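The values are calculated or read from the model by the stated rules, or taken from the named source; none is laboratory data. Because the structure is predicted, anything quoted here is derived from the model rather than measured. In this analysis, Cβ positions are derived from the backbone assuming ideal geometry, glycine residues included, and neighbour counts consider all displayed protein chains. These area figures cover heavy atoms from the full protein model, side chains too; ligands, DNA and RNA do not enter into them. Shrake-Rupley method; radii C 1.70, N 1.55, O 1.52, S 1.80 Å.
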Amino acid sequence: MTMPLWQPTPDQVASANLTRFMTEVNARWGAAVSDYDGLWRWSNASPDRFWTSMWEFGAIIGDGPGTVAVDDIKKMPGAQWFPQSRLNYAENLLCGLDDRDGVVFWGEDKVKRRLSRKELGQLVSRLQQALKAAGIGVGDRVAGYMPNMPETVAFMLAASSLGAIWSSASPDFGIQGVLDRFGQIEPKVLVSADGYFYSGKAHPSTDKLPAIKAGMPSVQTVVVVPYTQDRADISAIPGSVHLADFIAPFPAKELEFVRLPFAHPLYIMFSSGTTGVPKCIVHSAGGTLIQHLKEHLLHSNCKPNDRVFYFTTCGWMMWNWLVSALACQATLLLYDGNPSAKDGAILFDFADAEAMTFFGTSAKWIDAISKMGLEPAKTHKLTSVRVVASTGSVLAPEGFDYIYDKVKKDVQLASISGGTDIISCFMLGNPTAPVWRGEIQARGLGMKVEVFDDNGQPVEGTKGELVCTQAFPSMPVGFWNDADGAKYHAAYFDKYANVWCHGDWVELTPHGGIVVYGRSDATLNPGGVRIGTAEIYRQVEQIDEVLESLVIGQDWQADVRVVLFVRLRPGIKLDQALSDRIKKKIRDNTTPRHMPAKIVQVEDIPRTKSGKIVELAVRDVVHGRPVKNKEALANPEALDLYAGREELSE
């Protein structure tokens, strides 16, 4: 493209937090930066100054930052950030407790609630006292088996205010999925809603809690939160208590906050892969806070009274990212349930009804509503929405077109990418720069992101491995139950010494942006040529009959052949004509190497609970290898559709 899809006005650039930050670092440090690229280079050349400035710009509450921002920026893992400081994550989110909206919640079209910042603080105070009475203190674990609702936010804040460690999973996990995660970290308190709504139906959670409690002897108290009913029967759950009874003895009072070292654990996140029991990734309070403040304030231009939404469950890191917006004095807009309720309109209804300013969702959902033929620009006002953010998988260029053609023309489309591993982003939006079709706008400030070729050398304009060659604050503290750090090191640092290798296959563009081609461990390798799976998805999913697709490399006759699975619209069968049209679309727009040797129709595509398709699990099934940790999948039964396919035996 010769023209961007969107670019900010001079007034938008002038008023951006990023511009103000640039002015401040120039004045304080003599940085002499005049644009984003210059600021990015300076942030990595002078990381101590950049992150100290970020602490101050973010108005972080605590004892610090001290005189040392990082002891050894080149040490990965092991760099120590702000070693002289002490802070509390919850204290930074629970500032300005007034009558402005703190949290607005929609549970599909069944439940609508709102809490002011003051009311949120009062609830946290009562929970803080109740957790303390239940024996929760510094370093204890509190686990939430919860929908994305206000009480989940409040419990997390109460736990972290005491120096406890929070971990959460969405309520659609089965019993074994919960035990595979929480069982490893041995929580003292388990918080669960009585159930959840999805597609208009109530799904109970209380029937799973007796087995979950029996499988986790560490749990002393199970707190049951009302959601789908007023007061569920919990008599079969040992050690259980209704939320109302849990907090009844404790009227709200002034909040207390335990300030702890910057690296003190805040969250335990779980990898979502299907290669074994999930890894327990430990993230620090300070690293999470300062990184999220950077991403909200500078990259998302979040300001007081903004109304920030991200469609997420509590098992996805975007929930943790979303709640940090409270530290910017923003209102959280929470939604739980089916994002395509009301024929796909409900999230746009939410945006209009609550003056949403930041609309976050997944690339898969954007593709889905496009396939549904939705045109929100004609059915909704969306006047308040200034940013649409997309993550979870690669947003194809056609997804960019759809947003600007059918949703809203005057909006910044911020495709972002990072992960649970860093509880944040490697590349994301830039409110002061244009949006180019198919490109993530920028590498994150303070993130020395590069692209390595097969020889471990940095390249531009060529596909390669996404790496980060300097430490950053939101690197994990480590993995739980990994005393010598061997699992942590193997996950990110085995391929290149002292370099974080993330596992994405990407390319730097002339605009300073990034194009993601998929996971590097899922890249195809026919004839020794590496092909990103997203290159094929982009073409196939433009075919109207195709709802979604999945591609793998199948070992075949001493080489690898490309196999494409397609889920088609109801009533459509894959015949030779459609197969030929799919192949022609791929051949005409890519290379002969991208052409699938086999195209197979399937009824479902397996995916994780955060919506990511699982190429590696399907590849294992096709090759007759076992798939571990099927509980990570939203639809594990779909894997059966790929086993023993006759089409793949010839």
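Which one of Val142, Val124, Val111 is within 25 Å of the chain's Cα centre (by Cα) and over 21 Å from Ala285 (Cβ atoms)?
Val111 is the lone residue from the list that is within 25 Å of the chain's Cα centre (by Cα) and over 21 Å from Ala285 (Cβ atoms).
When you look at Glu603, is it crowded, with 21+ Cβ neighbours inside 10 Å, acidic (Asp, Glu) and under 29 Å from the mean Cα position of the chain (by Cα), yes or no?
Answer is no for this residue.
Quick check, is Asp410 more than 22 Å from Gly38 (Cα to Cα) and at pLDDT below 95?
For Asp410, the condition - more than 22 Å from Gly38 (Cα to Cα) and at pLDDT below 95 - is not met.
Mind listing just one residue for me: the one in the range 253-267 that is part of a loop (DSSP other than H, G, I, E, B) and open to solvent by 50 Å² or more (accessible area, probe 1.4 Å) and, of those, farthest from Pro473 (Cα to Cα)?
Ranking the qualifying residues of the range 253-267, first place goes to Lys253.
Quick check: is even one residue across the range 139-148 in contact (Cβ under 8 Å) with a residue 60 or more places away in the chain, over 20 Å from Phe250 (Cβ atoms) and open to solvent by 10 Å² or more (accessible area, probe 1.4 Å)?
yes
One residue is enough: does the range 321-330 have a residue meeting the conditions under 24 Å from Arg49 (Cβ atoms), in contact with a Cys (Cβ under 6 Å, 6 or more places away or on another chain) and not in a loop (DSSP other than H, G, I, E, B)?
yes
Limited to the range 488-513, what total is found for residues that are buried (at least 22 other Cβ atoms within 10 Å of the Cβ) and either more than 22 Å from the chain's Cα centre (by Cα) or farther than 26 Å from Phe270 by Cβ (or both)?
Here the count works out to 1.
Quick one: Ala154 ticks every box in (1) assigned to a helix (DSSP H, G or I); (2) open to solvent by 10 Å² or more (accessible area, probe 1.4 Å) except a single one, so which number is it?
(2)
Can you tell me which residue within the range 616-634, out of those that are surrounded by 22 or more Cβ atoms within 10 Å (Cβ to Cβ) and within 21 Å of the chain's Cα centre (by Cα), is modelled with the highest pLDDT?
Only one residue tops the list, namely Ala617.
Being open to solvent by 20 Å² or more (accessible area, probe 1.4 Å) and of a type outside the set (Phe, Trp, Tyr), is that true of even one residue in the range 161-168?
Step one: filter the range 161-168 for residues open to solvent by 20 Å² or more (accessible area, probe 1.4 Å), giving none.
Within the range 161-168, not a single residue is open to solvent by 20 Å² or more (accessible area, probe 1.4 Å) and of a type outside the set (Phe, Trp, Tyr).
Only one residue in Lys294, Lys279, Lys303 is under 19 Å from the mean Cα position of the chain (by Cα) and open to solvent by 20 Å² or more (accessible area, probe 1.4 Å), so which one is that?
Answer to the selection: Lys279.
How many residues does the range 197-227 contain that are open to solvent by 40 Å² or more (accessible area, probe 1.4 Å) and within 23 Å of Tyr335 (Cβ to Cβ)?
7
Tell me whether the range 567-588 contains one or more residues that are touching a residue at least 24 places away in the same chain (Cβ under 8 Å), part of a helix (DSSP H, G or I) and under 30 Å from Lys279 (Cα atoms).
Within the range 567-588, not a single residue is touching a residue at least 24 places away in the same chain (Cβ under 8 Å), part of a helix (DSSP H, G or I) and under 30 Å from Lys279 (Cα atoms).
List pairs: first residue in the range 55-78 and more than 30 Å from Ala491 (Cα to Cα), second residue among the charged types (D, E, K, R) and in a loop (DSSP other than H, G, I, E, B) anywhere in the structure, Cβ distance under 8 angstrom, at least six positions apart or on different chains.
These pairs meet every condition: Gly62/Arg259; Asp63/Arg259.
So, of the residues in the range 614-650 that are outside any helix (DSSP H, G or I) and either touching a Phe, Trp or Tyr at 6+ places or on another chain (Cβ under 7 Å) or among the polar types (S, T, N, Q) (or both), which turns out to be farthest from Tyr537 (Cα to Cα)?
Top of the filtered list is Asn629.
Could you please give the count of residues in the range 508-541 that are part of a strand (DSSP E or B) and more than 18 Å from Cys425 (Cβ to Cβ)?
Total meeting the criteria: 2.
Mind listing just one residue for me: the one in the range 363-391 that is open to solvent by 20 Å² or more (accessible area, probe 1.4 Å) and not in a helix (DSSP H, G or I) and, of those, nearest to Arg100 (Cα to Cα)?
Of everything passing the filter in the range 363-391, Ser384 is nearest to Arg100 (Cα to Cα).
Can you find even one residue in the range 165-179 that is modelled with pLDDT of 95 or more and among the acidic types (Asp, Glu)?
No, the range 165-179 contains no residue that is modelled with pLDDT of 95 or more and among the acidic types (Asp, Glu).
What residue, of Ile552, Ile586, is farther than 22 Å from Gly503 by Cβ and either crowded, with 18+ Cβ neighbours inside 10 Å or at pLDDT below 95 (or both)?
From the options Ile552, Ile586, the qualifying one is Ile586.
Mind checking which residues of the range 279-314 are assigned to a loop (DSSP other than H, G, I, E, B), under 24 Å from Thr608 (Cβ atoms) and out of contact with any Gly (no Cβ under 9 Å at 6 or more places or on another chain)?
If the condition is that a residue be assigned to a loop (DSSP other than H, G, I, E, B), under 24 Å from Thr608 (Cβ atoms) and out of contact with any Gly (no Cβ under 9 Å at 6 or more places or on another chain), then Thr313 is the only one that fits.
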